[in-house]
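Read the structure below first, then the notes.
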Amino acid sequence: MSKVKVGFVGVGGIAGVHLENVSKINHAEIVAVCDIVEENAKKKGLEFNAAAYTDLDAMLENEALDAVFVCVPPFAHGDIEEKIVKRGIHLLVEKPLGLDLETVQKKAKAIKESGVICGVGYCLRYLDTVAKAKDYLKDKTIAMVRGHYITSFVPTPWYREINKSGGQLVEQSTHTLDLMRYLAGDIDRVYANMRLQVLSDIPNIDIPDVTSVNVTFESGAVGHLDSSIIQFDHRSGIEILGKDFRVVIDGTNLTIAEKDSSNSYQSKVDFYLEQDRRFIEAVMKGDAQLLLSSYEDGVKTLAATLAANKSNEVGLPIKLSAIAGEKITL
């Protein structure tokens, strides 16, 4: 194909970043956008010279699409992915993939059986500094992983409701948890404590404002993730510890410290743009291996965050293999 014809489902929030990125990629063309808010669909359609829709079925019926970006809130996925892959259209789905593990697992099966290329928006994996860290760690034994995602409250109305966002860990801090998985391997067990401690005056809020998650990895390494929405600024990163070495990702920058040396690296890429370029290239070449986060991989990160919510609810550690085939409803 000379150009990848791209559609969008959902044009708010992060979709704006993807729209700008795709518009910069020479071998991609935005041909259609869809949003349940007609005004928003028309505005973005006009901005990117694309047809505007409020109905997904109509967009899929009327447009010849090669790929679709799914950028809807966690609670709003419905059967969007199934409708897209049924037509053999490739897709990139923003995280989190949903709020119910059983439903998402069914989507994973439909996507796999369709044979389409599907990526998930875990954009931090596309950092050049993360690639360098992953290469450094490939022959190392990891002992501990320390992660944090500390930020301010998001005023979007649905974000504050647990049955719509899943809470900060599922909706935001999932990026840090995914990076922990990407660099240190799959998580075996989680135990979480969460509380709405100081932001209860916000109307309709029922998500925790502070979260602490202890994890054990299948490798035997241990770790934890601290997450909060009570600060005035934003900090995120992870620290990976082994015998006589330390790998620190602070924001997008990397430091590798050993007993007698320390080297720091600043990221030189736009990781969102790199992710979108790789997705378009994967579609053009028919090569899913170009992507760093598959749908199946996204399911694993979602499962860990949902298990953490469940752990907080029941006050017990949750073994991920035990819930792999179970339904988790928040």
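The values are calculated or read from the model by the stated rules, or taken from the named source; none is laboratory data. Keep in mind the model is a prediction, meaning the values are calculated, not measured. Methodologically, a virtual Cβ is constructed for each residue, glycine included, from the backbone with ideal geometry; neighbour enumeration extends over all protein chains shown. What goes into the accessible areas is simple: the full protein's heavy atoms, side chains included, and nothing from ligands, DNA or RNA. Shrake-Rupley method; radii C 1.70, N 1.55, O 1.52, S 1.80 Å.
Under the condition of being basic (Lys, Arg) and without any contact (Cβ under 8 Å) to a residue 24 or more places away in the chain, which residue from the range 270-324 is farthest from residue 189 (Cα to Cα)?
Only one residue tops the list, namely 285.
When you look at residue 258, is it under 21 Å from the mean Cα position of the chain (by Cα), modelled with pLDDT of 95 or more and among the charged types (D, E, K, R), yes or no?
Taking the combined requirement at face value, the residue does not satisfy it.
Return the total of residues in the range 118-158 being closer than 12 Å to residue 292 by Cα, open to solvent by 10 Å² or more (accessible area, probe 1.4 Å), touching a residue at least 24 places away in the same chain (Cβ under 8 Å) and among the aliphatic types (A, V, I, L, M).
1
Condition first: in contact with a Gly (Cβ under 6 Å, 6 or more places away or on another chain) and in a helix (DSSP H, G or I). Now tell me which residues in the range 243-289 satisfy that.
Scanning the range 243-289 gives a single hit, 279.
Select the strands (runs of 3 or more DSSP E) contained entirely in the range 1-74, then report the ones holding at least 3 residues which are at negative phi and among the aliphatic types (A, V, I, L, M).
Those strands (runs of 3 or more DSSP E) span 4-9, 28-34, 67-70.
Which one of these is of a type in the set (A, V, I, L, M), assigned to a loop (DSSP other than H, G, I, E, B) and within 23 Å of residue 102 (Cα to Cα): 316, 292, 302?
Of the residues listed, the single one that is of a type in the set (A, V, I, L, M), assigned to a loop (DSSP other than H, G, I, E, B) and within 23 Å of residue 102 (Cα to Cα) is 316.
I need every pair where a residue in the range 82-106 that is under 28 Å from residue 173 (Cβ atoms) and of a type outside the set (Asp, Glu) has its Cβ under 8 Å from the Cβ of a residue that is modelled with pLDDT under 95 and open to solvent by less than 30 Å² (accessible area, probe 1.4 Å), sequence separation at least 6 or different chains.
These pairs meet every condition: 101/323; 101/328.
Of (1) of a type in the set (Asp, Glu); (2) within 30 Å of residue 157 (Cα to Cα); (3) not in a loop (DSSP other than H, G, I, E, B), residue 233 satisfies all except one. Which?
Failed condition: (3).
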